[in-house]
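> I have a structure here, written as structure tokens, and I will follow up with some questions on it.
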Amino acid sequence: MIPTFAADPLFSDGIDTTVVLIVIVKTIVVFAILLVAVMFYVWFMRKVIADMQNRIGPQRAGPFGAFQTLADGIKLFFKEQSSPTSADPPVFRLAPYLAIIPAFLAFAIVPIGGLVTVAGHETYLQLADPGIGVLWLLMMSGIGLYGVMLAGWASGSKYPLLGSVRASAQLLSYEAALGLAIVGVLVHSGTLSTRAIVNQQAWNGAGSVFSEWYWIPAIGAFVIFLIAALAETNHPPFDLVEAEQELVGGFHTEYTGIRFAIFFLAEFMNLITMSAIAVTLFLGGPSGPGLGFLAADNWINVWIMPVFWFTLKVLVLLYATVWVRATLPRMRYDQLMSLGWKYLIELAFLWAMVSAVVVVGADQGWNRWITVPAAIIGAALVLSVLWACIPRRGESVEEIR
Amino acid sequence: MGWFSGFRISIGQVGKVLTTNYPEEKRPKPTRFHGRHVLNRYEDGMEKCIGCELCAGVCPARCIYVRGADNPVDAPVSPGERYGFVYEINYLRCIHCDLCVEACPTEAITETKLFEFSFTNRADAIYTKAELVVGDDGRAQRQPWELWLGGEDDETSAWMRATAPSGQAAFEGRVGWSGELGFGVRDPEAGQTGPPLQPGVNPADHPHHQDLDHHHDDDHGADARGRGGEAAPH
């Protein structure tokens, strides 16, 4: 049986008031961190994208415009909320919360820092470490889909409905690729627990960037994960859900005020969570060098440095997402489906298969110079057969039969 | 790497900012930019406007309202016989075509480069002499609802006209404007084209030379015919 709380030593001595308090404080802190992170991510995104378009970006509210998101949020909070007469009121009101609650919950499994001691209890800087680990992420992104789907359906209007249908199709398609990309790491780690995965990528000097972190052995899965994560969070170039030219605002066309803001909060929260999960799975999470001139058990090395490295890695990935946003135009819908079903799923699947062969071969002591090329050749053969079956542009299915 | 060359382009733009911090700083405007008007004065404080209403007559938007009056004998407003005692420009109608500036025989009305002003009601959009007449320093009066950062009223006095007073566009090398207020006089502009000038004629010295000359010829001809007609019976 998979233990419910796999590795967190907080619960090893039984649960008392202090433990409950620690969990409550952690929950509140993670909640606050995520909200503030979204606030600053939106500002960061607008600044960076402005930088890439020769503009200045927000600069009025607060220093360097850092409170622009707060100002936007306050404005949206006080705006009138309207709903169409044809809407289904309970579902219409429920949908934004169905989008945002999973977005909050998904972040719970992300290891933010290392092992710390609070009030005599050792605990990880991480809200929860369930045995199902990264599957929690897939669950939550699956539930988050209901928010988008029900929002479109309950609006009682055609563009939101079309947008939500697109969203459902897109999220389902890319969830497959996302899950298979995660498998590329899981075959190496042998565990689903995010804490165990980052512990396996611990820092033993600069070489561990290449030797310990999973992005090298799972490089293909890493690339597929990043692409699928962008699609999963409706981030450009996969923001078909909100294609203004075709769908007005997509699923949130009929939403106003704070409900509208909540959808965007959820979207950016998902983006941050996906970046954090990518860091956890592929880039070692909080692992990184401490400050050498301080003792290893100094509070800076224990508390601050892992959080610093985690934040830095997430920021690098978030900068990359903004870079993508500034560069790539939105894909066409058939291109989106084609990329997802014809390429990403197959490649992710074959990558997982090859990784499995490599890992099992290493376990069994097979000659890796035989098993690895054999696995790659086998994968290439499967791929060529699969791609031969896919109709090319301008080719009809009948011609192939 | 054709698919990814876009990424190089977008990251290459980092650090290059083209946006001007607009309300705090303005980009320099073109020399002949048409903005809000001023009514100029001579160095002794006399108003240049003589109330002739040529500006009102030429205005295609009909936004100028002028009424002339005889100068008070004991306290003249302008050097001539008459002065404009009402002068109003409706900025809800003005299209800043500058034809009033062209029409003005005394260079009384010229334009600054200021366009950044706004109103909250229609009455405020009508500028009267109280707002239009320049101050004692020859500069435009700055109203609180106008955004002056400097530079907008540097060249209002010595206005360079688009066409020469003679009606000739080719006006190279000749100063066709006056700079009584002591600032804003610029070098004559070169490079304008138009029909060639008659040799030996300086249109700047004789603004209506050609017209006068033309009339002169007609007069001469009439005289000659007249004299001839008179002479024939002799």
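> Given A:TRP387, A:TRP366, which one is away from every other protein chain (no Cβ under 14 Å) and not in a helix (DSSP H, G or I)?
It is A:TRP366.
Table: residues versus (1) exposed (fewer than 14 other Cβ atoms within 10 Å of the Cβ); (2) touching a residue at least 60 places away in the same chain (Cβ under 8 Å); (3) within 26 Å of B:LEU149 (Cα to Cα).
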{"site": "B:LYS16", "(1), (2), (3)": "yes, no, yes"}
{"site": "B:TYR22", "(1), (2), (3)": "yes, no, yes"}
{"site": "B:CYS59", "(1), (2), (3)": "no, no, no"}
{"site": "B:ILE95", "(1), (2), (3)": "yes, no, yes"}
{"site": "B:ASP98", "(1), (2), (3)": "no, yes, yes"}
{"site": "B:THR106", "(1), (2), (3)": "no, no, no"}
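> Of the residues that make up segment A:227-249, is at least one assigned by TED's automatic domain parsing to the domain that holds A:MET140, free of Cβ contacts under 8 Å to residues at least 12 places away in the same chain and in contact with an Asp or Glu (Cβ under 8 Å, 6 or more places away or on another chain)?
no
> Here is a follow-up. Identify all residues within segment A:289-327 that are farther than 22 Å from A:ILE277 by Cβ, within 14 Å of another protein chain (Cβ to nearest Cβ) and either in contact with a Phe, Trp or Tyr (Cβ under 8 Å, 6 or more places away or on another chain) or part of a loop (DSSP other than H, G, I, E, B) (or both); write none if there are none.
Matches in segment A:289-327: A:THR327 only.
> Read through the list (1) modelled with pLDDT of 85 or more; (2) over 28 Å from A:TYR146 (Cβ atoms); (3) crowded, with 17+ Cβ neighbours inside 10 Å, then give the number of the only condition that A:ASP8 fails.
(1)
> Residues that are touching a helix residue (DSSP H, G or I) at 6+ places or on another chain (Cβ under 9 Å) and either within 20 Å of B:ASP153 (Cβ to Cβ) or not basic (Lys, Arg) (or both): find the helices (runs of 4 or more DSSP H) completely inside segment B:31-140 holding 2 or more of those.
Correct list: B:54-58, B:99-103.
> Residues in segment A:215-233 that are surrounded by fewer than 24 Cβ atoms within 10 Å (Cβ to Cβ) and more than 26 Å from A:PHE268 (Cβ to Cβ): how many?
So the count comes out to 4.
> Would you confirm, using the coordinates I've provided, whether A:PRO96 is surrounded by 20 or more Cβ atoms within 10 Å (Cβ to Cβ) and either in a helix (DSSP H, G or I) or of a type in the set (Phe, Trp, Tyr) (or both)?
yes
> In segment A:69-81, is there at least one residue being more than 30 Å from A:GLY285 (Cβ to Cβ), in contact (Cβ under 8 Å) with a residue 60 or more places away in the chain and within 14 Å of chain B (Cβ to nearest Cβ)?
no
> Being within 14 Å of chain B (Cβ to nearest Cβ), touching a residue at least 40 places away in the same chain (Cβ under 8 Å) and part of a helix (DSSP H, G or I) is the filter here, so list the residues in segment A:17-60 that pass it.
A:PHE44, A:MET45, A:VAL48, A:ILE49, A:MET52
> Determine which member of the set A:PHE104, A:PHE64 is under 22 Å from A:THR280 (Cα atoms), modelled with pLDDT under 90 and assigned by TED's automatic domain parsing to the domain that holds A:LEU145.
A:PHE104
> Kindly indicate whether any position in segment B:65-85 is within 24 Å of B:GLU116 (Cα to Cα), away from chain A (no Cβ under 14 Å) and in contact with a strand residue (DSSP E or B) (Cβ under 7 Å, 6 or more places away or on another chain).
Yes, segment B:65-85 contains a residue that is within 24 Å of B:GLU116 (Cα to Cα), away from chain A (no Cβ under 14 Å) and in contact with a strand residue (DSSP E or B) (Cβ under 7 Å, 6 or more places away or on another chain).
> While we're looking at this one, here's another question. Just need a number here: residues in segment B:24-52 that are under 30 Å from A:ILE49 (Cα atoms), among the charged types (D, E, K, R) and loosely packed, with under 11 Cβ neighbours inside 10 Å.
Count: 3.
> Also, I was wondering about something else. Here are some residues: A:LEU171, A:LEU161, A:LEU150. Which one is over 30 Å from A:PHE11 (Cα atoms) and within 18 Å of the chain's Cα centre (by Cα)?
A:LEU171
> Moving on. Residues in segment B:6-23: is at least one basic (Lys, Arg) and more than 13 Å from chain A (Cβ to nearest Cβ)?
no
> Right, next: Can you work out which of the residues in segment A:116-128 that are of a type outside the set (Gly, Ala, Ser) and under 17 Å from the mean Cα position of the chain (by Cα) is surrounded by the most Cβ atoms within 10 Å (Cβ to Cβ)?
By that ranking, first place goes to A:GLN126.
> Continuing with this model, one more query. Can you give me the number of residues within segment A:101-143 that are farther than 17 Å from A:SER275 by Cα, assigned to a helix (DSSP H, G or I) and in contact with a helix residue (DSSP H, G or I) (Cβ under 6 Å, 6 or more places away or on another chain)?
1
> Let me ask something else. Out of everything in segment A:142-169 that is crowded, with 23+ Cβ neighbours inside 10 Å and polar (S, T, N, Q), what residue ends up being nearest to A:LEU265 (Cα to Cα)?
Among those that are crowded, with 23+ Cβ neighbours inside 10 Å and polar (S, T, N, Q), it is A:SER164.
The values are calculated or read from the model by the stated rules, or taken from the named source; none is laboratory data. Computed from a prediction, not measured in an experiment: that's the story for all the values here. Please note: Cβ atoms are built from the backbone with ideal geometry, for glycine as well, and neighbour counts cover all protein chains shown.
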